[in-house]
Amino acid sequence: MKTVHVRYYAVLREQRGASEEVVVTRAETPDALYRELKQSHGFTLPQNRVRAALNGEFAPQGAVLKEGDQVAFLPPVAGG
């Protein structure tokens, strides 16, 4: 188990009802963490539509989560 700090943006923030939270997880990667949070929070966006940033940089595929990491989930944003 590890504790990570999670930030949500746009529709994910609206669906969660919060912009951030501290999560205790068994997830090994940002993708696994999103799957876990999608199930528990009822997020509607499929995983392939959400980008993850890990400690301020976009996370490469297979990035490993560590205790105390900062994870941000960024859905697509429409401009205008």
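Laid out as a table, the results:
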read-out	value
Cα long-axis angle, helix 30-41 against the chain (0 to 90 degrees, to the nearest 10)	60
Amide H contacts under 5 Å for residue 29, placed H, 5+ residues apart	65
Per-residue HN-Hα couplings for region 53-65 [Karplus 6.51, -1.76, 1.60; θ = phi - 60°; Hz; x = Gly/Pro]	10, 10, 6, x, 10, 4, 7, x, 4, x, 4, 9, 7
For residue 9, residues with placed amide H under 5 Å, excluding near neighbours	73
Separation in nanometres of the label points that stand 7 Å from Cα toward Cβ, at residue 20 and residue 41	1.3
Long-range HN-HN contacts of residue 51 with modeled amide H, under 5 Å	74
Identified option (computed Cα Rg over 2.2 N^0.38 Å; candidates (1) 1.24; (2) 1.30; (3) 1.00)	(3)
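Laboratory data are not the source of any read-out in this text; all were calculated from the coordinates shown. Just so we're clear, the structure is a prediction, and the values are computed from it rather than from any experiment. Here the Cβ is made from the backbone with ideal geometry for all residues, glycine too, and neighbour counts use every protein chain on show.
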